Amino acid sequence: PLYKKVTSGNFFQYQHVEAVVRRTVSQKLRTSFRGSDPMQSLQDLVLSGEGDFTSANRGIAGDTPGGIPNLDSKTIGDWKNLYKQGYNALGGPQFIENTFLGAVNRLGLSDNTVMSGDVQLKVFNELILGGVKRPRVSAYLNGTSDDLQGALEDMSLEFASVANPNTGITSYPGVGGNKASIDSNKMAKVLQQIRTSLINTQ
């Protein structure tokens, strides 16, 4: 039904719809085959605001309609070259270069590793649970802190589409066309659910 709404000949509109369809199919497949991952609800929520596994931008949201074809089939080495070519954020979670390089180094991933959807989510999990980049959300989720407010602030600082709990808008207003599409209440509910799940499995 989405394709029927595309105006004939509108290439950029087609690319947008194609990205929405890819994201929807990807989430349904993950629900079917990866339902045991306790982080999945958070992954899906963030991707709903950030992008799909082939999304990209050069500094302004929406400046690369349709993303980069087969980005999720390219290697870490390929991604490093894309950053050098001027891309600012890549992949479903919209990793910026420093964030990406730090996470893949901590995970010990080689330049030959393909940045598939599953690997992108592995990097995402490291950022959230690793305790290095965003320690407040990591501490909250693993139960060593009860600071939900701090965890929400960390999520907003990491992902521009997540509203800052103190302002209700993105933590980066006026920067690159960023807008918050994920409100703090929704994020808080998901973080609380994951915290309970992770603590119960420890």
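I'd like to check something: does segment 82-91 contain any residue that is open to solvent by 40 Å² or more (accessible area, probe 1.4 Å) and either at pLDDT below 95 or at positive phi (or both)?
Checked segment 82-91: no residue is open to solvent by 40 Å² or more (accessible area, probe 1.4 Å) and either at pLDDT below 95 or at positive phi (or both).
What number of residues in segment 157-171 are surrounded by fewer than 20 Cβ atoms within 10 Å (Cβ to Cβ) and assigned to a helix (DSSP H, G or I)?
Selection size over segment 157-171: 1.
Quick one: what pairs do we get from segment 104-133, first residue free of Cβ contacts under 8 Å to residues at least 12 places away in the same chain and on the phi > 0 side of the Ramachandran plot, second loosely packed, with under 13 Cβ neighbours inside 10 Å and not in a loop (DSSP other than H, G, I, E, B), C-beta under 6 Å, 6+ apart or different chains?
Once the first residue is free of Cβ contacts under 8 Å to residues at least 12 places away in the same chain and on the phi > 0 side of the Ramachandran plot and sits in segment 104-133, no partner that is loosely packed, with under 13 Cβ neighbours inside 10 Å and not in a loop (DSSP other than H, G, I, E, B) comes close enough.
Do you know which residues across segment 62-74 are surrounded by 17 or more Cβ atoms within 10 Å (Cβ to Cβ) and under 19 Å from ASP118 (Cβ atoms)?
GLY67, ILE68, LEU71, ASP72, LYS74
Within segment 172-195, count every residue that is in a loop (DSSP other than H, G, I, E, B) and surrounded by fewer than 20 Cβ atoms within 10 Å (Cβ to Cβ).
The number of residues fulfilling the criteria is 10.
Could you figure out which of (1) over 25 Å from SER55 (Cα atoms); (2) assigned to a helix (DSSP H, G or I) isn't true of ASP154?
Going through (1) over 25 Å from SER55 (Cα atoms); (2) assigned to a helix (DSSP H, G or I) one by one, ASP154 breaks only (1).
Assess whether ILE182 counts as being among the β-branched types (Val, Ile, Thr) and within 17 Å of GLN40 (Cα to Cα).
yes
Between residues in segment 69-80 that are on the phi > 0 side of the Ramachandran plot and residues that are crowded, with 16+ Cβ neighbours inside 10 Å, which pairs lie under 9 Å by C-beta distance while being six or more apart or on different chains?
What qualifies is ASN70/THR54.
The values are calculated or read from the model by the stated rules, or taken from the named source; none is laboratory data. No experiment lies behind these values; they were computed from the predicted model shown. Cβ atoms come from the backbone with ideal geometry, glycine included; neighbour counts cover every protein chain shown. Ligands, DNA and RNA are excluded from the accessible area calculation, which covers all protein heavy atoms including side chains. Shrake-Rupley method; radii C 1.70, N 1.55, O 1.52, S 1.80 Å.
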